[in-house]
Amino acid sequence: MSAAASSPASPAALTSSSRLAWLDALRGIGALAVVAEHMLPWFVPSLRPYWFSLGVYGIFVFFLVSGYIIPASLERHGDVRAFWISRFFRLYPLYLAIIVLVLALAWWVPVREAVVRDGSAVAAHATMLLDVVGIGGVADTMWTLSYEMVFYLVVTALFLTRGHERSGTWAIVFAVAAVLVGLVASGAVFGGGWPAYVSCAVFVLGLTGVVLGRLRTVSACLLGVMAVACLLLSSRVPWLGAAVLAVMFAGTAIYRWERGTGPLWPVAVTAALVVVAPVWAIESGWWWVRADVWLTTIALAAATFAGGMALRGRRLPRVLVWFGLISYSLYLVHHPLLKYFVQVSGDLRQAALPYQLLMTAVALAVIIGASALTYRFVEKPMQDLGRRVSRRCRGGLQGGGEARVPGEDAGDDRVLGHQERQVPHGVGDHVGQGDTVG
């Protein structure tokens, strides 16, 4: 039976609002999971689960959503210049605002030690390729943006070379790479600050070529190769980086299958390989990659995504959809605010349970309120501006291989109106009783 015959109804048959709702609902679930991952160890440690990892679960849900929708965004625009303009306006304003906030309050809560005090940190933050060049972000959660950026760069190169439709193949390739790297590498092959400097130079020159249309395909390929090289050779946990790309391309493969343009079996192969990927990490004793925990976490993330797809034509809880709308703000804002809150409240881990629960509710209210404000006054206005700018650029030069999604209006951005980059941090080891929020 063909993929077209066996797949569920095409997304084109559904309304834009219903598709947006299920994607935002998934983002809301991922965002709440990562907030819980960071809050529970410091506010109510007795409630933290250890039979699966809340943080990794949230991350994988977000990466599946990104993998599912980012290629659709690029194909919908049909113009890599407009695509990248849109990405910058959606990603960087809030990202830069949080950097300014953390640095401005460094006199009160110092910037964490993982952030190097030299120009390589500036270069890494400028590209968002933090984790894949071995540099800590000024806000802890920023590390996952590295993998989103790598995915953007790789997908752009594939799009311009007409290789973007073989998503299942690329999912398997990165899953195999995760297994192999997990067997031979325990960390970065190349260290120091030079990967950050080199990647920044390539990033600026390459994206200039992509946006301006001069040697666009060559520039995109250079960026894609650079991104993969950093992922495998200079990232903090190389096998995890490859596994993340595999998960994201698996999300794209699901999108292709749903549209009837690709098979589903590569997703199953990818999942099986990702399950066995953390060979070295298991040997090192990280709790979240123990076979039972890792398998359960992946299974729950997959089930959540499948459940969202199954309900995509139905009315979903509005509050969950709303959390999805503000999830990028929630993702970037919550961890710095938790640090500031704990600085005021003191260590809550030994407090009585009723007091812990009360302070958890207060902190959560502060975080949600602040996230709603940053979405309203930072994210949304800049997204709207980026959308207007990208529309003006659609009449410019078109790169080779740029094609629109059949049957969809390239100007209709409603399904993609809220950036699919909300990928929260949560890959942390067990918090000891002597630790501090960091």
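The values are calculated or read from the model by the stated rules, or taken from the named source; none is laboratory data. The model shown is predicted, which means the values in this text are computed figures rather than measured ones. Neighbour counts are summed over all protein chains in view; Cβ atoms, including those assigned to glycine, are modelled from backbone coordinates with ideal geometry.
In the set Trp143, Trp170, only one residue is in a helix (DSSP H, G or I), modelled with pLDDT under 95, in contact with a Leu (Cβ under 9 Å, 6 or more places away or on another chain) and closer than 15 Å to Leu231 by Cβ; that residue is Trp143. Exactly one residue out of Ile135, Ile99 is touching a residue at least 40 places away in the same chain (Cβ under 8 Å), under 27 Å from Val237 (Cα atoms) and surrounded by fewer than 20 Cβ atoms within 10 Å (Cβ to Cβ), and it is Ile99.
Screening Arg162, Arg214 for residues that are among the basic types (Lys, Arg) and in contact (Cβ under 8 Å) with a residue 40 or more places away in the chain leaves exactly one candidate, Arg162. Here is a check on your reading of the model: is Ala201 of a type in the set (A, V, I, L, M, F, W, C), under 19 Å from Trp170 (Cβ atoms) and assigned to a helix (DSSP H, G or I)? Against the criterion (of a type in the set (A, V, I, L, M, F, W, C), under 19 Å from Trp170 (Cβ atoms) and assigned to a helix (DSSP H, G or I)), Ala201 does not qualify.
A quick yes/no check of all residues on (1) under 18 Å from the mean Cα position of the chain (by Cα); (2) closer than 27 Å to Ala97 by Cα:
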{"site": "Gly163", "(1), (2)": "no, no"}
{"site": "Thr169", "(1), (2)": "no, no"}
{"site": "Val176", "(1), (2)": "no, no"}
{"site": "Leu183", "(1), (2)": "no, no"}
{"site": "Ser186", "(1), (2)": "no, no"}
{"site": "Gly191", "(1), (2)": "no, no"}
{"site": "Phe203", "(1), (2)": "no, yes"}
{"site": "Leu231", "(1), (2)": "yes, yes"}
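Against the definition (under 24 Å from Gly134 (Cα atoms) and either in contact (Cβ under 8 Å) with a residue 40 or more places away in the chain or part of a helix (DSSP H, G or I) (or both)), how does Phe190 come out, yes or no? When the stated conditions are applied, Phe190 passes them.
Would region 149-158 turn up any residue that is touching a Pro at 6+ places or on another chain (Cβ under 7 Å) and either surrounded by fewer than 20 Cβ atoms within 10 Å (Cβ to Cβ) or closer than 29 Å to Ala281 by Cβ (or both)? Taking every residue of region 149-158 in turn, at least one turns out to be touching a Pro at 6+ places or on another chain (Cβ under 7 Å) and either surrounded by fewer than 20 Cβ atoms within 10 Å (Cβ to Cβ) or closer than 29 Å to Ala281 by Cβ (or both). Of all residues being more than 21 Å from the chain's Cα centre (by Cα) and among the hydroxyl-bearing types (Ser, Thr, Tyr) in region 249-289, which is modelled with the highest pLDDT? Just the residue, please. By that ranking, first place goes to Thr261.
For Gly182, the stated conditions do not hold, so it cannot be described as buried (at least 20 other Cβ atoms within 10 Å of the Cβ), at positive phi and touching a residue at least 60 places away in the same chain (Cβ under 8 Å).
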